[in-house]
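In what follows, a single structure is set out as structure tokens and then discussed.
The values are calculated or read from the model by the stated rules, or taken from the named source; none is laboratory data. Note that the structure is predicted; figures quoted are calculated from it, not measured. FYI the Cβ positions are ideal-geometry reconstructions off the backbone, even for glycines, and counts take in every protein chain you see.
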Amino acid sequence: MRPSHSNHALLSLAVALLLGCQRPPTASSARSLRFGSGGGFAGLQTTYELYPDGRLTRRTSTPAAADAPATPLPPPPAAQVRACFRQLDALPTDSLQLDQPGNLTYFLDGQTRRGCPVHLAWGAPGAPAPHAARALYRNLQALLPR
Amino acid sequence: MKTTLALAGLLAVSGAFGAAQAQTARFKPTARSLAPAARPRINATIDGARAAELQRSTGPHLDAARLSTLARPVTASSGLGAVQLWRDAASGLPVFISATPKTTDAASRPAPADPAAASLAFLGELRAELQVQQPAQEFRVGDISRDALGQTHVRLTQHWRGLPVYGAEVVVHLDGHNQPTRFSGRHFRTPSGLTNLTPALAAPAAAAQAETALRRQTHVAALSADVQRLLEYSAPQSELVVYHPEPYAAPVLAWHVTTRPNVLERWETFVDAQTGAVLRQYESSCAANGPRTASGTDLNGTARTLNTYEWNNRFYLIDGAQPMFNLGRSTMPDEPVGALLTLDANNTRPSAPTITHVSGANNTSWTNRSAVSAHFNAATAYNYYRSVFNRNSLDGAGGTMISMVRLAEDDGSGMDNAFWNGRFIAYGEGNTGFTPLAGGLDVAGHEMTHGVVEKTANLVYQGQSGALNESMADVFGAMMDRADWLIGEDVVRTSAFPSGALRSLQDPHNGGTSLSNRGYQPRTMSELYTGTQDNGGVHVNSGIPNWAFYKTATAIGRDHAEQIWYRALTTYLTRSSQFLDLRLAAIQAATDLYGGSSADVTAVRAAFDAVGILGGTTQPPTHTLPTNPGQDYILSYDTNTADPGTLYRSNTAGANFLRLSTTAAISKPSLNDAGTVAVFVDAQHRLRALQLSPTVSESIIQNQPVWHNVAISKDGTKLAAVTMAQDTSIYVVNLASGQAVRYMLYNPTSAGTRGTGVMFADALEWDYSGEYLLYDSYNVISNAQGQDIDFWDIGFLRAWNAAGNTWGDGQIQKLVQNLPAGLSIGNPVLAKNSPHIMAFDLLDANAGTNGFSVMGLNVETGAAGTIFQGLSTPGTPSYSKLDDKMLFTAFNTAGDTVVAVTNLQADKITPSGTATVLISEGKWGVWYSQGQRVVTAAKESAATAVPGLSAYPNPAREELTLQADAAAEATLYDLLGRPVRTARLQPGRRSTLELNGLSAGTYVLRATAGAATSTRMIVKQ
């Protein structure tokens, strides 16, 4: 008898084709967008974390050490925050993953509304991030207090 | 229905097969080029050029002349009447003389004399005023000209005992009767005090002195033959002269050297012929620009001599004094070639930088201390590499080195860092952790060495290779700043780094005890950081090779150690080198330089031993898998269209056929290592699974009609698939978890970037670790002439991270980085028992219709062999159970597709004997065994595994006992991902899964306890 394939795990593959990606839902529904840079001579990393509700924090950490406490920053304008998350959600599927660190590495980490993981790390000479990701990064930088 | 092949039907397989169509691409897309490297933009407002005022003098300064009338009496023999003199105020010597003849009556005038003689006589008359002892001997007649007014002008140069007196030239002007009436010009008193006219320095030595001095001022280059002809110059020209270093000072014997150091310039140098001192040097071509020197105070309060550059009356921190400077190719000041250029980011942020030259209207006021430090340190770094290793700049080719100071953070605050971005070094002004980082020589050395690494080994900035990259930067930074073994000691704030340094080669622990302490690094392999932060700990684990260098250098001296490390870096290391590779490279480098029995080699070995980088530490084990204990068969695809059967199983002699399927397939089946499941793509582009044991059954496992190929991992837990579209991705499914990801393919370049050109993947093969997926892909790239070239090649995709029990990072490595033109490779397959040995198809497009070969390759040794050549179709090879035979597809002389077999030698990559036909009217032979063996040890992360999970016995017959230290849910899945049994586990209590009713075969047990997950492969007997 032919086995039923209604519960086949491979069906997830078909779903993945439709949605572009799939990952298990996280325990918390809150998502955030982490960006920043690190490495260089000192190996320090500065991570900014932006939440949809406008909260923005900064954390500076030494190489491989435990995270330093996050410092709250002045919340950026809500419209700009929403625009950044829309930009995140609109990243093309071929612009979601990149791992080309350089002496100084820039990064974007997050998750689209559909649950697609986003991890971009760039900085290696001659290996720029996709245009859409760089545009998002620039807009995120513009949110930082001056 | 397939029958056993009669012996009479055996045909010797030879190279003379029928013609067949070579593998071609499915279609031809547009090629794309790689992205260019970044360059800093200069947005300064540069002063417009204004006319330069040349104020050069080759002789006494022109001061106000004095007019005086000769008061002495005129002698009767003299032909001169009244004389008026104009004298130089400084020297008192006449610069102009007007004299009238004694009589204006032409009839009574003396007969016209030779102008030359008349001029000398005239000068003789005036010798007292001229203060020249013997004008007739000291002046030589040069050019004589007569103008339209009838006047004659006689030029004379001054000499002293046969030597020209440099800069002394006068003119005697005669009237129409050849009577001297005027004198003009400059000369010197008779240099009677200069008695020694024998030079102690020969002309070539003087020219060398001149060149040495010249190199401090301008770019000296060898002129090409064409330029030499153009300039009529092949070497410095030297002339011995009497020279007055200061106007009317005592004269010296000197060499006057004329040099053309480049196509644009001509320089005059005066070298004391007795002492060799350079008395004066100036450019005599019409230009006001060029290298200069200046002084500036750096961040440490030290006065530094700087090489600056004057361009159109403005001075820049551009060092054009180094031998690599190429003025001819430079566009000054913005694009100097072969210079050390220092720029200022003006405390602006990277997202909106304002980058300017560091420049000024004068060359004496350099107040930007960060720029002074950076500029001076750049020159130090350049000279270090040049003098110690004969390396011409960071790229080894005289490329411009750019330093940028005062770059701020993204939020505008002071940047507590410095970095190299592939194009320039950027320094921050510091914040809480550092003072302005340009103040550290080792900072400059560290960052500049990243440039050297990029152009040599180009170590990937991740994991151990990234740690080596960082270590090399620390090592050579410390070698430039040789006073200690510390990194950053001149720029750290002790409030942030209590030890007083960012890192220490002498003791990487740097006063700390763990990574929680700032500046702490591991110093031995037992302390190796294995996390993912910091790109896998590149700034952390660099402490280990750092300590190895320190130990080496303290044993044999810095000089030898740096030579060994430099040779290791530039000669032996490559992009993916690991710590072990450095050990091997350093030992070999020491052997090359100082001999195999040298103390240097001994010291290097001891150093690496001491830090735990031992021979074989990180080498993948060259192991042989245990032979699959089960019965072996051959799976093949029947090409007889009259036979409804498609997939058949036969014995290894090509007999006793068992029909397994009647489904038309478009891809070669892929089997798990246990030989119990085969997956393939049917003619409708759907994924199918074929259960092979204990009974045969077939099912569609994915019915979207989009697929082109599929492969199952050796342990049966994952599938990889590609679609039939031009899709630069591979889809991977984890059957145990039900998750799927899509990996984007790219072509890794030698520069470490992700290049384009991949069109789509085709053949797939999992390795035995379950982490890497071998694949072939069709590529289209542009060659140097801009033409599209297409080819197939083989890649390794890291699709799984066994240690983390998670998805792989998608990194790709190519089997062959730069295939020769006309060659393609594909259809990779691994040996059954040697994970480091593989076979693949090779197509030589230049070999005509029979251009396919089956190749064998030992990936560890690089040895390769041709197993069979002259095929007109891809062989799609398959190793036998013992790796002593190779199956491959071929055409017989009748043009029918066959499965052929050849014996292999013990190396598994070269043939033994003659190939023969094994299965007629067949293709895609796959040799498999139906038995269990351990091929991969999946490692679970302790942090994510279900604590204390055990499942036994394994293999099991009737029931499986489970136990865990935490409450967990356990589910047993078949290889098609269907749950077949479940159980709840209580901590510390045994539970059982009833296995009766399940088919014998391999299953996947998945247990979850909250966020923790563990999987086990279970065999049901």
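Some points to look at:
- In region B:579-594, residue nearest to residue B:556 (Cα to Cα) [restricted to those that are touching a His at 6+ places or on another chain (Cβ under 9 Å) and surrounded by fewer than 19 Cβ atoms within 10 Å (Cβ to Cβ)]: B:594
- Index of the failed condition, residue B:721 passing every other in (1) part of a strand (DSSP E or B); (2) away from chain A (no Cβ under 14 Å): (2)
- Residue A:64 vs. criteria modelled with pLDDT under 90, more than 10 Å from chain B (Cβ to nearest Cβ) and assigned to a loop (DSSP other than H, G, I, E, B): no
- Filter result (more than 30 Å from residue A:140 (Cβ to Cβ) and among the hydroxyl-bearing types (Ser, Thr, Tyr)) within region B:312-352: B:316, B:330, B:331, B:342
- Scanning region B:146-167 for any residue that is among the small types (Gly, Ala, Ser), surrounded by 18 or more Cβ atoms within 10 Å (Cβ to Cβ) and either over 28 Å from residue B:254 (Cα atoms) or modelled with pLDDT under 90 (or both) turns up at least one such residue.
- Hey, residue B:574 assigned by TED's automatic domain parsing to the domain that holds residue B:470, closer than 19 Å to residue B:478 by Cβ and among the β-branched types (Val, Ile, Thr) or not: no
- Residue list for region A:98-119, filter: under 17 Å from residue B:756 (Cβ atoms) and in contact with a Pro (Cβ under 8 Å, 6 or more places away or on another chain): A:98
- Among the residues listed as B:446, B:450, the single one being touching a strand residue (DSSP E or B) at 6+ places or on another chain (Cβ under 9 Å) and under 23 Å from residue B:302 (Cβ atoms): B:446
- Filter result (over 17 Å from residue B:94 (Cα atoms) and in contact with a helix residue (DSSP H, G or I) (Cβ under 8 Å, 6 or more places away or on another chain)) within region B:166-195: B:174, B:177, B:178, B:179
- A residue that is more than 17 Å from residue B:837 (Cβ to Cβ), hydrophobic (A, V, I, L, M, F, W, C) and at pLDDT below 95 occurs somewhere in region B:864-879.
- So residue A:77, is it farther than 19 Å from residue B:493 by Cα, over 18 Å from the mean Cα position of the chain (by Cα) and more than 7 Å from chain B (Cβ to nearest Cβ): yes
- Cβ-Cβ contacts under 9 Å between residues 6 or more apart (or on different chains), taken from a first residue in region B:309-336 that is farther than 16 Å from residue B:393 by Cβ to a second residue that is among the aromatic types (Phe, Trp, Tyr) and in a loop (DSSP other than H, G, I, E, B), are listed as B:315/B:366; B:317/B:366.
- Filtered residues of region B:697-715 (kept if away from chain A (no Cβ under 12 Å) and at pLDDT 90 or above): B:708, B:709, B:711, B:713, B:714
Here's the yes/no breakdown for (1) within 22 Å of residue A:95 (Cα to Cα); (2) surrounded by 18 or more Cβ atoms within 10 Å (Cβ to Cβ); (3) away from chain A (no Cβ under 13 Å):
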{"residue": "B:735", "(1), (2), (3)": "no, yes, no"}
{"residue": "B:754", "(1), (2), (3)": "yes, yes, no"}
{"residue": "B:767", "(1), (2), (3)": "no, yes, yes"}
{"residue": "B:783", "(1), (2), (3)": "no, no, yes"}
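- Annotation note: of B:494, B:456, the sole residue that is β-branched (Val, Ile, Thr), surrounded by fewer than 24 Cβ atoms within 10 Å (Cβ to Cβ), more than 9 Å from chain A (Cβ to nearest Cβ) and under 20 Å from residue B:414 (Cα atoms) is B:494.
- In region A:84-134, the residues that are in contact with a Phe, Trp or Tyr (Cβ under 7 Å, 6 or more places away or on another chain), assigned to a loop (DSSP other than H, G, I, E, B) and crowded, with 22+ Cβ neighbours inside 10 Å: A:101, A:102, A:103, A:123, A:124
- Matching residues in region B:387-438 - criterion: being among the aliphatic types (A, V, I, L, M), away from chain A (no Cβ under 13 Å) and in a loop (DSSP other than H, G, I, E, B): B:397
- Residue identified as among the charged types (D, E, K, R) and under 24 Å from residue B:841 (Cβ atoms) among B:727, B:715: B:727
Conditions (1) among the small types (Gly, Ala, Ser); (2) at pLDDT 95 or above; (3) in the same structural domain as residue B:598 (by TED's automatic domain parsing); (4) under 20 Å from residue A:44 (Cβ atoms), marked per residue:
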{"site": "B:496", "(1), (2), (3), (4)": "yes, no, yes, yes"}
{"site": "B:515", "(1), (2), (3), (4)": "no, no, yes, yes"}
{"site": "B:528", "(1), (2), (3), (4)": "no, no, yes, no"}
{"site": "B:531", "(1), (2), (3), (4)": "yes, no, yes, yes"}
{"site": "B:537", "(1), (2), (3), (4)": "yes, no, yes, yes"}
{"site": "B:543", "(1), (2), (3), (4)": "yes, yes, yes, yes"}
{"site": "B:548", "(1), (2), (3), (4)": "yes, yes, yes, no"}
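- The single condition among (1) assigned to a loop (DSSP other than H, G, I, E, B); (2) over 49 Å from the mean Cα position of the chain (by Cα); (3) closer than 27 Å to residue B:826 by Cα; (4) not charged (D, E, K, R) that residue B:690 does not satisfy is (1).
- Test: residue in region B:263-273 that is modelled with pLDDT of 90 or more and among the β-branched types (Val, Ile, Thr): yes
- Qualifying residue in region B:825-835 (condition: more than 17 Å from residue B:768 (Cβ to Cβ), modelled with pLDDT of 90 or more, under 32 Å from the mean Cα position of the chain (by Cα) and of a type outside the set (Asp, Glu)): yes
- Test: residue in region B:357-373 that is within 23 Å of the chain's Cα centre (by Cα), under 30 Å from residue B:558 (Cα atoms), among the β-branched types (Val, Ile, Thr) and assigned to a helix (DSSP H, G or I): no
- Within region B:190-211, tally of residues that are within 18 Å of residue B:243 (Cβ to Cβ) and buried (at least 16 other Cβ atoms within 10 Å of the Cβ): 11
- Residues of region B:503-540 satisfying the condition of being facing chain A (nearest Cβ under 9 Å), in contact (Cβ under 8 Å) with a residue 40 or more places away in the chain and of a type in the set (A, V, I, L, M, F, W, C): B:538, B:540
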